[in-house]
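Here's a structure for you.
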Amino acid sequence: MKPIPINAARKIAETYGYDQIIIISRKIGDDGGEHCTTYGRDKAHCAAAARIGDFLKYKVMGWVKEQVT
């Protein structure tokens, strides 16, 4: 399982004409995991996509935020 790069999200945005892209990826099984990639066409859209990604990760999917020490 490899993380989906931001460049892939940017390509989707450019190809299909979107301002923001949020990709949630899951691999099921013992070697599984989850990943979130976000992209915005400018700083404001980037921040909005990141907020949406965080909401989905932490509020919907139940990810646990790492504590910074």
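What are the pairs, 6+ residues apart or on separate chains, where a residue within the range 1-24 that is farther than 16 Å from D42 by Cα and at pLDDT 95 or above has its Cβ under 7 Å from a residue that is open to solvent by less than 60 Å² (accessible area, probe 1.4 Å) and part of a helix (DSSP H, G or I)?
I23/A9; I24/L56
Right, here's the next one. I'm checking my understanding of the structure. Among residues of the range 49-65 that are touching a residue at least 24 places away in the same chain (Cβ under 8 Å) and under 15 Å from I6 (Cα atoms), which one is surrounded by the fewest Cβ atoms within 10 Å (Cβ to Cβ)?
Taking the candidates together, the pick is G53.
This table checks each residue for (1) of a type in the set (D, E, K, R); (2) touching an Asp or Glu at 6+ places or on another chain (Cβ under 7 Å); (3) in a strand (DSSP E or B).
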position	(1), (2), (3)
I4	no, no, no
A9	no, no, no
T15	no, no, no
C36	no, no, yes
A44	no, no, no
K65	yes, no, no
T69	no, no, no
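The values are calculated or read from the model by the stated rules, or taken from the named source; none is laboratory data. Keep in mind that what you see is a predicted model, and the values were worked out from it rather than measured. Backbone-built Cβ (ideal geometry, glycine too); neighbour counts: all protein chains shown. Only protein heavy atoms, including side chains, enter the accessible area calculation; ligands, DNA and RNA are left aside. Shrake-Rupley method; radii C 1.70, N 1.55, O 1.52, S 1.80 Å.
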